[in-house]
């Protein structure tokens, strides 16, 4: 009897120690912000294709990292309970290590976060001093020629009508032919554009002034708008047809006017045919300067011309750096598409009218340099993010931000161009208090059902973080913005 009692006592003692160990493990999990239900889904910080939702806590993690991950896991659970999709990726740039990933390798529509891909790639491959240009060239020669002039004039007189039997008033046309000497340009005038989105009407008048200085009275050639820099598609792949044309979805051409997009009332001719509108305004100003060029001699060319073989008489340019600030602060779609096609054009090296595929290939080239994962699964349809076809992962946006951070020539101009929380641009009215105010610099993104935010924030330990927060399927953009703002406040703590 005593022997059996000893065995039962030993079993009870073992059960007690097992219970204490299990209780301690559960407490440890809860202290790390992971419930027992979550623990089965924990994966490494650098996950494989079976990436789970919550980043684990390791014994090597410091207190600040553990605290941040614990706070961010709250947003993971919130997203899991919601009816929309969410992805979060946070990278510590100072320590060069991944901090947090939730659905970070899932593809999301980026909306205007696409502008980050466009601007980073352009700064890397072309540099901030690359130029958008609008130029005028002439070729041929000018001579003093005898020109036959035929003028029409109307005459009226009373003429006898044999049918009526009496005189009736009659109007008829008389043609007067004279010969005069005129200064004739035997050649062509070319207006060549490379998609300068900052070319103003004042610049247009200056262009007309320079053409007006050329000593010719007649044109024995053509007046050609060279728009061969890009293909003939006037809107982006995947743009909603019922949005076009509008002030935020402009039709695309290498000859555009910056001020034209804000005309009051808006000119439908400009919106649908920006290059035609450009030439019409230029020709009208030339007529006012005594240079009458008939419509029969005016055309647009989608094929490369011999423009640059002629004499340059006017050139206006703006740099990528100048365009970048407004493009990012105000999220200007026209500016982004201009930069997208400048990137694909690659100073004319593309060798044919630039397509969206040419531009996408340039971006993918930079993504590979940035060590992005599964680049071929990224879908790049345009430069602004208006397209329904764009797809990118939060992780790859963060990897591009990391690549930017490591290259001062990219980081400095990009960082300065990003909206500042509570201060300016599209973040002026967001995060107006708390640690995120004046701290977060990021690009917003909003289209129907999509809200995104990606950029940089300084954490409380002094480290600079790169982050991407992407919400798709949100019932309203306000829902996504509120979620992102709260995440940023936690990142800034």
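The values are calculated or read from the model by the stated rules, or taken from the named source; none is laboratory data. As the structure is a prediction and not an experimental result, all values here were calculated from the model. Because the Cβ atoms are built from the backbone with ideal geometry, glycine has one as well, and the counts that use them run over all protein chains shown.
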Task: Search result, residues across region 356-375 that are touching a helix residue (DSSP H, G or I) at 6+ places or on another chain (Cβ under 7 Å), farther than 16 Å from residue 119 by Cα and assigned to a loop (DSSP other than H, G, I, E, B) - done: 371, 372, 373
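One line per residue, one yes/no per condition, for (1) touching a strand residue (DSSP E or B) at 6+ places or on another chain (Cβ under 8 Å); (2) assigned to a helix (DSSP H, G or I); (3) surrounded by fewer than 18 Cβ atoms within 10 Å (Cβ to Cβ); (4) outside the structural domain of residue 123 (by TED's automatic domain parsing):
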position: 275; (1), (2), (3), (4): yes, yes, no, yes
position: 280; (1), (2), (3), (4): no, yes, yes, yes
position: 284; (1), (2), (3), (4): no, yes, yes, yes
position: 287; (1), (2), (3), (4): no, yes, yes, yes
position: 299; (1), (2), (3), (4): yes, no, yes, yes
position: 304; (1), (2), (3), (4): yes, no, yes, yes
position: 308; (1), (2), (3), (4): yes, yes, yes, yes
position: 312; (1), (2), (3), (4): yes, no, yes, yes
position: 328; (1), (2), (3), (4): yes, yes, no, no
TODO: Kindly indicate which of 156, 161 is touching a strand residue (DSSP E or B) at 6+ places or on another chain (Cβ under 9 Å) and surrounded by 10 or more Cβ atoms within 10 Å (Cβ to Cβ).
DONE: 161
Open item on the list: Given the criterion surrounded by 10 or more Cβ atoms within 10 Å (Cβ to Cβ), out of contact with any helix residue (DSSP H, G or I) (no Cβ under 6 Å at 6 or more places or on another chain) and either closer than 30 Å to residue 448 by Cβ or modelled with pLDDT under 95 (or both), identify the matching residue among 106, 151.
Closed with: 106
- [ ] Out of 124, 129, report the one residue that is at pLDDT 95 or above, closer than 30 Å to residue 446 by Cα and surrounded by fewer than 15 Cβ atoms within 10 Å (Cβ to Cβ).
- [x] 129
TODO: Exactly one condition in (1) surrounded by 18 or more Cβ atoms within 10 Å (Cβ to Cβ); (2) touching a helix residue (DSSP H, G or I) at 6+ places or on another chain (Cβ under 8 Å) is not met by residue 337; state its number.
DONE: (2)
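Here is a yes/no grid of residues against (1) within 25 Å of residue 299 (Cα to Cα); (2) outside the structural domain of residue 278 (by TED's automatic domain parsing):
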position	(1), (2)
136	yes, no
149	yes, yes
156	no, yes
169	no, yes
174	no, yes
179	no, yes
188	yes, no
TODO: Taking the options 350, 366, name whichever one is modelled with pLDDT under 95 and more than 19 Å from residue 200 (Cα to Cα).
DONE: 350
- [ ] Scan region 78-128 for residues that are free of Cβ contacts under 8 Å to residues at least 12 places away in the same chain and part of a helix (DSSP H, G or I) and report the count.
- [x] 1
Open item on the list: List the residue pairs whose Cβ atoms are under 9 Å apart, where the first residue sits in region 465-493 and is at positive phi, the second is surrounded by fewer than 19 Cβ atoms within 10 Å (Cβ to Cβ) and assigned to a strand (DSSP E or B), and the two are 6 or more positions apart or on different chains.
Closed with: 473/85
